[in-house]
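Enquirer: Handing you this structure, nothing more for now.
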Amino acid sequence: MRLVRLVALTAVLATVYFAQYLFDTTSLADFFPLWLLRLWPPLTAMTRWTPDDLVELAIWLTLLGLLSFGLLAPWWQGEHGRAYRRLRPGRAVLRVWWWVAQGLLLLALLSTVAVAWLERQSGMEGVSIGLWAASLALYGLGGIVANHVRPPVIYGDSYVETVRPWDGWPYWVALLILFALLYSYRLLELPLRVDPLTARVGLAAQAWVRELEIPRLAADPNDLPLPTIGLVALARLVLRDNLWAVRVAGVSAALVLITAVWLVGSELFRRVPVYGLYGEVLEDDGRWIALMAMIITGVSLPLFHWSRVPLVLEGVALGTLGVWALLRGLRRDRPGLLGLSALLLGWAIFYGPAGLLLGLVALLIWWGVLLLESSWLTGKLVAHERDGQAVQVQRGVGWRGFGYWLAGVVVLVMPLLSKWLMIPGSFAAHWAWPGGVVVRQSSALLAWRERLEMAILGLNYLPDATATLRYDDHFVHSLLAPLLVLALGALLLNIDSLVGWSLVTWLVTALVGVGLTVPVVPNWMAMVVLLPVVGLAVGFVLDRLRLLIMTYAGTWTLQATVYLAMGVVVAAGFFGWIDYYNVAQRDSDLASSVGRALRDAAGQPVVLVSANVVLEQVLADPVVQMLAAERNDLSQIQTVNARNWPPLTPATRLLLAPGDSALQAAVEAAYPGGQLTVMRDLHANPLLYIYDLAAAPAVALH
């Protein structure tokens, strides 16, 4: 029977990977060897199938593999058999402090109402920001007091000794350093092209730091609210350079995101270890899954790109941290962690759809806890070992904890709530992704199903459909996409556990949200909300596969399965990095090229050579303004043309647009001895000619 199940598992793996091959190639022309075609001629007809037929076949094979693995995969046992300690009795003095915490919460809510009123007034931005910060401080102080008053859930010593997933923190530190080095490699040069969103954020941070133009808490549509550019503004204040600031902010957000994935994995995959006959660890306490989820998230190609762009990952990172604080706060009965979760999720909501979707995920987790772990809400009694009496070991956060958590979200997002209520259409505008537009209601109702299908296929088949990215690949790497399919099958049949419920609802909410809010799909900027759940789901299925292989083939495969899983993940990251590097070092546009040319010529005078293409118009582009912000002469840059070749100072840099390439020989003849550099786009088309004069004086030759 074990051999039959091992063969079935092999067949399922072959099915999903063959389906992924069809998605990647949409052709069977080179799949079958010649000797097999001669041996079985009917296979020749399959090599002539159209791409649409092969994609449909791949979809059906994917569904077959999903359901089959769900039936094969072992059930998730989770954290069963917890050993608790008795709760310490309450004291009268603590009741006073409890009322102090309630009073602080009431003051925070009253301050928030005042913030909502001030947001409607003109000229009161400073007072509004100060009062908003005071309300957050009052709410946080109330959480600290409530945390001190309320006794936490404490597990028995023997239980804590075996269930300690956070003991994997040395590996987390090592991985964090490794990813920091990877994300910061050639930080200023990759990617060459600077997108408009990066330019907007960089200029807004510059205006805040330099001119003290503090943005509003709830900005108008197409503007950036204060909480969203705080990280970039801090980096700009410290580094004093726009490009450094936006890139460092992106790397920081990426590191926080993979840390949040590790924390969620450590909390969600907690379990009692299972040992073999000779003491070998068949299933650990969940730390391996958490670390694998962190690695899988960290080596994804979208994260390679967005880790160098501000704003995109910050909302996802904050929301994922909020989910972790919520799970841990519910399990340990900690009001302080519930308050931290509320503030993190509320902060994420300022970033738009990513934060809103993660807020919905958090609400669904509350619902799942009510259905599957109700003792976290209502309390738990355990029979004493000696006399058999029921002993209280957990009081449960109850509806009071939910109200406290919801109040924290309201306190932080009250400026947004005020704008949503007072300005018609502002809530719908908040669903627009950065640099995009929100989907109209009529079109959403008519085309939602098609967009949802495109979003799902964007995971393993369709590339990014926007002009933001130039990567001809799908969201999840081909080595990991089949594992995501298997993970969904296993999670669907484990939906009666908190792991299955949380990950399935997260995945479904994100896909539906992307389908509803993005006019063009697949859209990688919108799909970043899927990065954490994809990493967690693939880490989960790798653990299930390890257990299946050890069960069917024997425990001698214990180390081999670990190395195989690591090899697949590392290979996916390696190939993904190669794809990213090849595109990022060659992809540029005219504005980015001009901005970088001006930035690199920090101490040199710059002259524009213009005839058919007017480069002066490009100087007004936000990308150029952001990259060359340190130049004080940007508005006084001289322009020369073919009829006027004036004498220039030594080491002058001349910029020539590609449309004026016929003037290249004239420039070299007028100013001999210089060095010509050509900047090109992804397809090797020239974007900009840069001609640097020699250090010796240059005199125009007539």
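Enquirer: State yes or no: is T561 surrounded by 15 or more Cβ atoms within 10 Å (Cβ to Cβ), under 19 Å from A670 (Cβ atoms), at pLDDT 85 or above and among the β-branched types (V, I, T)?
Expert: The answer is no for T561.
Enquirer: Of all residues in segment 41-62, how many are aliphatic (A, V, I, L, M), out of contact with any Ser or Thr (no Cβ under 7 Å at 6 or more places or on another chain) and either more than 28 Å from L488 (Cα to Cα) or open to solvent by 30 Å² or more (accessible area, probe 1.4 Å) (or both)?
Expert: The total comes to 5.
Enquirer: When only residues in segment 501-516 that are buried (at least 21 other Cβ atoms within 10 Å of the Cβ) and more than 17 Å from the chain's Cα centre (by Cα) count, which is nearest to W448 (Cα to Cα)?
Expert: Applying the filter and picking the extreme gives G515.
Enquirer: I've got another one for you. Any residue in segment 650-658 that is of a type in the set (S, T, Y), farther than 13 Å from L608 by Cα and either touching a Phe, Trp or Tyr at 6+ places or on another chain (Cβ under 7 Å) or assigned to a loop (DSSP other than H, G, I, E, B) (or both)?
Expert: Scanning segment 650-658 turns up no residue that is of a type in the set (S, T, Y), farther than 13 Å from L608 by Cα and either touching a Phe, Trp or Tyr at 6+ places or on another chain (Cβ under 7 Å) or assigned to a loop (DSSP other than H, G, I, E, B) (or both).
Enquirer: Moving on. Would you pick out the residues in segment 224-261 that are open to solvent by 20 Å² or more (accessible area, probe 1.4 Å), within 16 Å of Y185 (Cβ to Cβ) and within 20 Å of the chain's Cα centre (by Cα)?
Expert: Hits for segment 224-261 are V248, S252, L255.
Enquirer: Give the residue, chosen from L141, L203, L182, L178, that is without any contact (Cβ under 8 Å) to a residue 12 or more places away in the chain and part of a helix (DSSP H, G or I).
Expert: When all the criteria are applied, what remains is L178.
Enquirer: Which residues, counting only those in segment 345-368, are under 28 Å from P151 (Cα atoms), touching a Ser or Thr at 6+ places or on another chain (Cβ under 9 Å) and aliphatic (A, V, I, L, M)?
Expert: Scanning segment 345-368 gives V361, A362, L364, I365.
Enquirer: Another question, if that's okay. Say we look at segment 588-608 and pick out the residues that are without any contact (Cβ under 8 Å) to a residue 60 or more places away in the chain and part of a helix (DSSP H, G or I); which of these is farthest from I295 (Cα to Cα)?
Expert: Among them, the one singled out is L598.
Enquirer: OK, next. Could you say whether any residue in segment 306-315 is charged (D, E, K, R) and closer than 30 Å to R546 by Cβ?
Expert: Taking segment 306-315 first, the residues charged (D, E, K, R) are 308, 314.
Restricting the remaining residues to those that are closer than 30 Å to R546 by Cβ gives none.
So far as segment 306-315 goes, no, none of its residues is charged (D, E, K, R) and closer than 30 Å to R546 by Cβ.
Enquirer: Now, a different point. I need the full set of residues from segment 334-358 which are buried (at least 24 other Cβ atoms within 10 Å of the Cβ) and in a loop (DSSP other than H, G, I, E, B), in order please.
Expert: F350, Y351
Enquirer: State which residue is least open to solvent (accessible area, probe 1.4 Å) when the search covers only segment 169-213 and only residues that are over 18 Å from the mean Cα position of the chain (by Cα) and among the hydroxyl-bearing types (S, T, Y).
Expert: Ranking the qualifying residues of segment 169-213, first place goes to Y185.
Enquirer: Next up: Tell me, please, whether a residue that is under 30 Å from W577 (Cβ atoms), within 32 Å of the chain's Cα centre (by Cα) and open to solvent by 40 Å² or more (accessible area, probe 1.4 Å) can be found in segment 156-167.
Expert: Yes, segment 156-167 contains a residue that is under 30 Å from W577 (Cβ atoms), within 32 Å of the chain's Cα centre (by Cα) and open to solvent by 40 Å² or more (accessible area, probe 1.4 Å).
Enquirer: Right, another one. I'm checking my understanding of the structure. Among residues of segment 576-619 that are polar (S, T, N, Q), more than 13 Å from I690 (Cβ to Cβ) and modelled with pLDDT of 85 or more, which one is least open to solvent (accessible area, probe 1.4 Å)?
Expert: It comes out as S592.
Enquirer: Could you grab the pairs with beta carbons closer than 6 Å, sequence gap of 6+ or different chains, first residue in segment 368-389 and under 18 Å from G401 (Cβ atoms), second one at pLDDT 85 or above and of a type in the set (V, I, T)?
Expert: Correct list of pairs: W376/V369.
Enquirer: Here's a check for you: in segment 528-546, which residue that is over 21 Å from the mean Cα position of the chain (by Cα) and either under 30 Å from G355 (Cα atoms) or at pLDDT below 90 (or both) is surrounded by the fewest Cβ atoms within 10 Å (Cβ to Cβ)?
Expert: Within segment 528-546, the match that is surrounded by the fewest Cβ atoms within 10 Å (Cβ to Cβ) is D543.
For (1) among the aliphatic types (A, V, I, L, M); (2) part of a helix (DSSP H, G or I); (3) over 36 Å from the mean Cα position of the chain (by Cα), each residue gets a yes or a no:
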{"position": "L3", "(1), (2), (3)": "yes, yes, yes"}
{"position": "V7", "(1), (2), (3)": "yes, yes, yes"}
{"position": "A11", "(1), (2), (3)": "yes, yes, no"}
{"position": "Q20", "(1), (2), (3)": "no, yes, no"}
{"position": "A29", "(1), (2), (3)": "yes, no, yes"}
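Enquirer: Tell me, yes or no, whether segment 308-324 has at least one residue that is farther than 24 Å from V246 by Cα, in a helix (DSSP H, G or I), modelled with pLDDT of 95 or more and open to solvent by less than 10 Å² (accessible area, probe 1.4 Å).
Expert: Yes, some residue in segment 308-324 is farther than 24 Å from V246 by Cα, in a helix (DSSP H, G or I), modelled with pLDDT of 95 or more and open to solvent by less than 10 Å² (accessible area, probe 1.4 Å).
Enquirer: What pairs can you find where one residue is in segment 1-19 and closer than 16 Å to L548 by Cα, the other is of a type outside the set (K, R) and in a loop (DSSP other than H, G, I, E, B), and their Cβ atoms are less than 9 Å apart, with a gap of 6+ or different chains?
Expert: Note: pairs meeting the criteria are R2/G554.
The values are calculated or read from the model by the stated rules, or taken from the named source; none is laboratory data. This structure is a prediction, so every number in the text was calculated from the model and none was measured. Here the Cβ is made from the backbone with ideal geometry for all residues, glycine too, and neighbour counts use every protein chain on show. Side chains included, ligands, DNA and RNA excluded: accessible areas come from the protein's heavy atoms. Shrake-Rupley method; radii C 1.70, N 1.55, O 1.52, S 1.80 Å.
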